[in-house]
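A short reminder: the numbers here are calculations on the coordinates, not readings from a lab. Since the model is a prediction, treat every value here as computed from it, not as a measurement. Don't worry about glycine lacking a Cβ; one is built from the backbone with ideal geometry, like all the others, and counts go over all protein chains shown.
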Amino acid sequence: MKLIPLPALNDNYIWMLHDGQNALVVDPGDAQPVLEALQHEGVQLKGILVTHHHPDHTAGVNLLRQITGAQVFGPARETMPEPLQRLHGGDKVDLLGLEFQVMDVPGHTAGHIAYFCDSVAGADASPLLFCGDTLFSGGCGRLFEGTPAQMLASLTQLSALPDNTQVCCTHEYTQSNLKFALEVEPDNLQLVDYQRHCQTLRAQGLPTLPSTIGQERQINPFLRSTQPTIMASARRFNATSVDQNGVFACLRLWKNQYT
Ligand code: ZN
Ligand code: FE
């Protein structure tokens, strides 16, 4: 299996997975980069997985479906380009001989889903997570349609996946996320190392993704809201953040205001 992040739009990645013959893509906000990659890799598009309804994740779906005949899968509870197979948390999708488990991860949007696969074979057989705009490296999505408690619950679910899970999120936001993460947790040495690593990658024009769940658990403040340092930072920003939900809500608000 080959996993390829296709840069699209401003700072999106459309993830492509293929076995040398058949391919799937996740969140095609633009058809063009996908069509080019299909030709370049010499593979046929069989499936399109969508995580949520935002146009930067769906705008390429209709054209790709038309040209390739690929089957489209997406969240049950959101407005989507039709026709598609609607999925709920707990459902399973079979594509390229792999089984993807659907997880409900509301917060960024009300019906946001993620796809997890732990049946990947081959040299790098670590599990895969396509999580859209829920979990980013060093950050998380904005709360457009959900509450902090919902997003915290969604991230807690993702955080419980195996450490070697490859986190395939949809935006290259890592560097600005890490700047904020260091503001919240300046003494986290793994965070300092990771920032240096990501700077090197970006300087070479390479993606910082996929990250891993194990890495994110060490450096992502939004997965670490029970850490004493982070709780203390949150309280410095807003004295009323008491329990874990409060600390998480405070971090999200602080990040919104931080540039
Ligand atoms: Zn979005
Ligand atoms: Fe997005």
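Descriptive notes on the structure:
- Hull shadow area, averaged, the stretch 15-55 [alpha-carbon convex hull, nm²]: 2.7 nm²
- Normalised by 2.2 N^0.38 Å, where N is the number of residues, the C-alpha radius of gyration of the chain stands at 0.99.
- Given their separation in residues at 0.36 nm each and the Cα-Cα distance between them, Thr156 and Arg235 gain 26.3 nm when the chain is fully extended.
- Separation of the stretch 78-133 and the stretch 178-210, taken as the distance between their Cα centroids, equals 27 angstrom.
- When +1 charges are put on Lys and Arg Cβ atoms and -1 charges on Asp and Glu Cβ atoms, the dipole computed for the stretch 2-172 relative to its Cα centre reaches about 260 debye.
- Considering only the stretch 2-172, percent of DSSP beta bridges that pair antiparallel, nearest 5: 60 percent
- Helix 148-159 axis, angle to the chain major axis (alpha carbon atoms, nearest 10°): 70 degrees
- For the stretch 215-259 and the stretch 1-57, distance of Cα centres in Å: 33 Å
- Efficiency of FRET from Cβ geometry, Glu41 and His197, R₀ 22 Å, rounded to 0.05: 0.20
- Square roots of five times the Cα gyration tensor eigenvalues for the stretch 66-110, Å: 19, 16, 7
- Taking the longest Cα principal axis of the chain as reference, the axis of helix 189-203 is set at about 40 degrees.
- Sorted by Cβ neighbour density within 10 Å, fewest at the top, the residues Val50, Val167: Val167, Val50
- For Ala110, net neighbour charge (Lys/Arg +1, Asp/Glu -1) across residues whose Cβ lies under 12 Å away: -2
- Remark: the stretch 1-154 is approximated by an ellipsoid whose semi-axes, taken from the C-alpha gyration tensor as √(5λ), come to 23, 17, 15 Å, largest first.
- Ignoring lysines fewer than eight residues from Lys92 along the same chain, the ones with Cα atoms less than 27 angstrom from its Cα are Lys2, Lys46.
- Each 10 Å bin from 0 upward holds the following percent of the Cα-Cα pairs of the stretch 77-141: 19, 46, 30, 5.
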